[in-house]
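Visitor: Encoded as structure tokens, here's the structure I'll be asking about.
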Amino acid sequence: MNYNKKFIPCIYLFQGKAYLDFNKSNALFDDPVTLASRYSDCGADEIIIFDLSTEGNDKEHEEALDIIKKICKVVDTDVIGAGNVKRMEDIKKLLYAGCKKACLNFSKQGNVEIIKEVSDKFGKDKICVCYSNNGQIYDNKELVNTYACELINIADEDLTNVTFTELPIIVLKKAAGIEDVEKLFSESKVSGISGNAVNDNCAKIDEWKAVCNSKNIPICKLEAKFSWANLKKNSDGMVPVIVQDYRTDQVLMLAYMNEEAYNKTLETGKMTYYSRSRQSLWLKGETSSHFQYVKALYADCDYDTILAKVKQIGAACHTGNYSCFFNEIASKDYSEKNPQKVLDSVFDVIKDRKVNPREGSYTNYLFDKGIDKILKKVGEEATEIVIAAKNPNENEIVYELSDFLYHMMVLMAEKNVKWEDVTDELSRR
């Protein structure tokens, strides 16, 4: 099978820093979260994080897991968690931290012994296997083929003899140029390239993808269902583009594309427009670094307008405002009906009460009484939901659910949990 090829930077994580390699000989970056975000924004298809915490040092390991969790929250690509796995609990912690997949290192016999258990528990699609020589896979080929979804070759082992598995293989390489990439990707079983070969050339990922695309090498990229010819252009030969924040749906700006801008956007994954004032192509963020990374593109019913959902870095507007649409012309008082906005608004009030107490506030009463009182109320309200659900009147359960949500948000504020933490976890499921 010929897989879509992926470019996968990796982070060797040790004592809060990103290191150059497994030997931890040279600290590469003091802030692994920022480094991971940089990799993600450069067009990485996935990121592998190797936790190189000292064997037996639980405190170090937990700190590494906290960093992995932060990375999973800020990047927009899947994360594979690896390293320091000894038991099923370690796989669970990596997945609960937000990793899309977790790795078992088959150079450790204990990892071989738990593969069936973790695969049955979390699903085969969540389990990868790292190996440093082909024998580790050959000797356990039945287990690997049954209970794993992907292999990670961490020693750049010869692939020509790997005929005993059809699983995709990610290869870590120390160094590579585009010619090496082409050669490696000619192997049908190779699904991705990782290691310092990608880390050191992160800024070239778009360029390398363009070369691979020109040579008909299957890669992970934006696949357009419509060509420029399918769209209806205005009198200037352009199409207007409405831009939205992909997380909040907030409208950010309006711009225009010509054919070159359209194709460039699809090629790079960064929003590119045509500036009518400058009469030239305009990569959004080229001078300000406020790039817009494409999440989805839609055409309207008449095919004459594009809706772009993007990850916005910094502000969309040249004035410094996040959105260009901040000049209110007219408005009426109205009750907000967007569920997320309502929840955000209530939660903001609850968080404000914690910082700025108000006399007579029930919310402040709960905060003053502490966690035990808050938990007692959450439990009581959960029981009220169960009782209300047994009654035929639907209004009662709506009332009790609202009470529960309120008390749940008080608990969230008390434990410093954000809505994004909850929604990110739900989206991963």
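Visitor: Hey, can you tell me all the residues within the range 12-21 that are closer than 15 Å to residue 175 by Cα and among the hydrophobic types (A, V, I, L, M, F, W, C)?
Guide: Quick first cut of the range 12-21, residues closer than 15 Å to residue 175 by Cα only: 20-21.
Within the range 12-21, just 20 meets the criteria.
Visitor: Test residue 19 against the criterion of being more than 14 Å from the chain's Cα centre (by Cα), open to solvent by less than 60 Å² (accessible area, probe 1.4 Å) and at pLDDT below 95, and give yes or no.
Guide: Yes: the conditions hold for residue 19.
Visitor: Mind checking whether some residue in the range 18-31 is closer than 18 Å to residue 98 by Cα and out of contact with any Gly (no Cβ under 6 Å at 6 or more places or on another chain)? Outline the logic, then answer.
Guide: The initial filter retains those residues of the range 18-31 that are closer than 18 Å to residue 98 by Cα, namely none.
Checked against the condition, which is being closer than 18 Å to residue 98 by Cα and out of contact with any Gly (no Cβ under 6 Å at 6 or more places or on another chain), the range 18-31 yields no hits at all.
Visitor: Sticking with this one: Those residues that are free of Cβ contacts under 8 Å to residues at least 60 places away in the same chain and touching a Lys or Arg at 6+ places or on another chain (Cβ under 8 Å), I need them from the range 404-420; list them, please. Break it down into steps so the answer makes sense when it comes.
Guide: Just the residues of the range 404-420 that are free of Cβ contacts under 8 Å to residues at least 60 places away in the same chain, to begin with: 404, 407-408, 411, 415-418.
407, the sole residue that qualifies.
Visitor: Still on this model: It is to be established whether one or more residues within the range 22-34 are within 30 Å of residue 310 (Cα to Cα), without any contact (Cβ under 8 Å) to a residue 60 or more places away in the chain and crowded, with 24+ Cβ neighbours inside 10 Å.
Guide: Checked the range 22-34: no residue is within 30 Å of residue 310 (Cα to Cα), without any contact (Cβ under 8 Å) to a residue 60 or more places away in the chain and crowded, with 24+ Cβ neighbours inside 10 Å.
Visitor: If you take the residues of the range 69-88 that are open to solvent by less than 20 Å² (accessible area, probe 1.4 Å) and either of a type in the set (Asp, Glu) or part of a strand (DSSP E or B) (or both), which of them is nearest to residue 149 (Cα to Cα)?
Guide: 80
Visitor: Also, I was wondering about something else. Of the conditions (1) surrounded by fewer than 18 Cβ atoms within 10 Å (Cβ to Cβ); (2) part of a strand (DSSP E or B); (3) hydroxyl-bearing (Ser, Thr, Tyr), residue 12 fails just one. Which one is it?
Guide: (1)
For (1) more than 26 Å from residue 423 (Cα to Cα); (2) assigned to a helix (DSSP H, G or I); (3) in contact with a helix residue (DSSP H, G or I) (Cβ under 7 Å, 6 or more places away or on another chain); (4) open to solvent by 70 Å² or more (accessible area, probe 1.4 Å), each residue gets a yes or a no:
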residue: 315; (1), (2), (3), (4): no, no, no, no
residue: 346; (1), (2), (3), (4): no, yes, yes, no
residue: 380; (1), (2), (3), (4): no, yes, no, no
residue: 384; (1), (2), (3), (4): no, yes, yes, yes
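Visitor: So how many residues does the range 189-245 have that are part of a helix (DSSP H, G or I) and open to solvent by less than 30 Å² (accessible area, probe 1.4 Å)?
Guide: Keep residues of the range 189-245 that are part of a helix (DSSP H, G or I), which gives 196-199, 202-214, 228-230.
Now drop any that are not open to solvent by less than 30 Å² (accessible area, probe 1.4 Å), which leaves 196-199, 202, 205, 208-209, 212, 228.
So the answer is 10.
Visitor: Out of curiosity, is residue 281 touching a helix residue (DSSP H, G or I) at 6+ places or on another chain (Cβ under 7 Å), part of a strand (DSSP E or B) and of a type in the set (A, V, I, L, M)?
Guide: Values: touching a helix residue (DSSP H, G or I) at 6+ places or on another chain (Cβ under 7 Å): yes; part of a strand (DSSP E or B): yes; of a type in the set (A, V, I, L, M): yes.
So residue 281 passes the test.
To keep it simple, each residue is scored yes or no on (1) modelled with pLDDT under 95; (2) touching a strand residue (DSSP E or B) at 6+ places or on another chain (Cβ under 7 Å).
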position	(1), (2)
29	yes, yes
50	no, yes
57	yes, no
69	yes, no
75	yes, yes
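Visitor: Looking at 171, 243, can you tell me which residue is of a type outside the set (Asp, Glu), closer than 30 Å to residue 304 by Cβ and touching a Leu at 6+ places or on another chain (Cβ under 7 Å)? Walk me through how you get there before you give the answer.
Guide: Working: 171 fails: closer than 30 Å to residue 304 by Cβ.
Going through 171, 243 in turn, the sole match is 243.
Visitor: Here is a follow-up. What's the total number of residues in the range 248-265 that are under 21 Å from residue 231 (Cα atoms), touching a strand residue (DSSP E or B) at 6+ places or on another chain (Cβ under 8 Å) and either surrounded by fewer than 16 Cβ atoms within 10 Å (Cβ to Cβ) or β-branched (Val, Ile, Thr) (or both)?
Guide: Total meeting the criteria: 3.
Visitor: Checking the structure you have, find out if any residue of the range 173-187 is within 24 Å of residue 78 (Cα to Cα), in a strand (DSSP E or B) and within 27 Å of the chain's Cα centre (by Cα).
Guide: There is no residue in the range 173-187 that is within 24 Å of residue 78 (Cα to Cα), in a strand (DSSP E or B) and within 27 Å of the chain's Cα centre (by Cα).
Visitor: Moving to a separate point now. Need pairs with beta-carbon distance below 7 Å; first residue more than 14 Å from residue 240 (Cβ to Cβ) and within the range 255-280, second modelled with pLDDT under 90; sequence gap 6+ or separate chains.
Guide: Listed by first residue and then by second, the contacts come to 266/222; 266/224; 267/210; 268/206; 269/43; 269/222.
Visitor: Between 85, 144, 74, 118, which is of a type in the set (Val, Ile, Thr) and closer than 30 Å to residue 246 by Cβ?
Guide: 74
Visitor: Would you please name the residue that is surrounded by the fewest Cβ atoms within 10 Å (Cβ to Cβ), looking only at residues in the range 319-344 that are assigned to a loop (DSSP other than H, G, I, E, B) and in contact (Cβ under 8 Å) with a residue 24 or more places away in the chain?
Guide: At the first step, the residues of the range 319-344 found to be assigned to a loop (DSSP other than H, G, I, E, B) are 319-338.
Then keep just the ones that are in contact (Cβ under 8 Å) with a residue 24 or more places away in the chain; that gives 322-325.
Numbers: 322: 17, 323: 17, 324: 17, 325: 14.
So, considering only residues that are assigned to a loop (DSSP other than H, G, I, E, B) and in contact (Cβ under 8 Å) with a residue 24 or more places away in the chain, the one surrounded by the fewest Cβ atoms within 10 Å (Cβ to Cβ) is 325.
Residue-wise test of (1) modelled with pLDDT under 95; (2) among the hydroxyl-bearing types (Ser, Thr, Tyr); (3) open to solvent by 30 Å² or more (accessible area, probe 1.4 Å).
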position	(1), (2), (3)
272	no, yes, no
287	yes, yes, yes
294	yes, no, no
309	no, no, yes
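Visitor: State which residue is surrounded by the fewest Cβ atoms within 10 Å (Cβ to Cβ) when the search covers only the range 42-68 and only residues that are under 11 Å from the mean Cα position of the chain (by Cα) and among the charged types (D, E, K, R).
Guide: If we take residues in the range 42-68 being under 11 Å from the mean Cα position of the chain (by Cα) and among the charged types (D, E, K, R), then 45 is surrounded by the fewest Cβ atoms within 10 Å (Cβ to Cβ).
Visitor: Looking at the range 170-192, which of its residues are of a type in the set (Gly, Ala, Ser) and under 20 Å from residue 80 (Cα atoms)? Please lay out each step first, then the result.
Guide: Our first condition is that a residue be of a type in the set (Gly, Ala, Ser); within the range 170-192, this holds for 175-177, 186, 188, 191-192.
Once the filter is applied, which keeps residues that are of a type in the set (Gly, Ala, Ser) and under 20 Å from residue 80 (Cα atoms), the range 170-192 yields 191, 192.
Visitor: Now for a separate question. Among 303, 293, 365, 262, which is among the hydroxyl-bearing types (Ser, Thr, Tyr) and in a strand (DSSP E or B)?
Guide: Values: 303 fails: in a strand (DSSP E or B); 365 fails: in a strand (DSSP E or B); 262 fails: in a strand (DSSP E or B).
Exactly one residue qualifies, and that residue is 293.
Visitor: When both residues are 6+ apart or on different chains and their Cβ atoms are under 9 Å apart, which pairs have a first residue that lies in the range 220-239 and is farther than 16 Å from residue 256 by Cα, and a second that is in a strand (DSSP E or B) and among the β-branched types (Val, Ile, Thr)?
Guide: Filtered contacts from the range 220-239: 222/294.
The values are calculated or read from the model by the stated rules, or taken from the named source; none is laboratory data. As the structure is a prediction and not an experimental result, all values here were calculated from the model. Here Cβ is always computed from backbone atoms with ideal geometry, including for glycine, and neighbour counts include all displayed protein chains. Just so you know, the surface numbers come from the protein's heavy atoms only, side chains and all, with ligands and any DNA or RNA stripped out. Shrake-Rupley method; radii C 1.70, N 1.55, O 1.52, S 1.80 Å.
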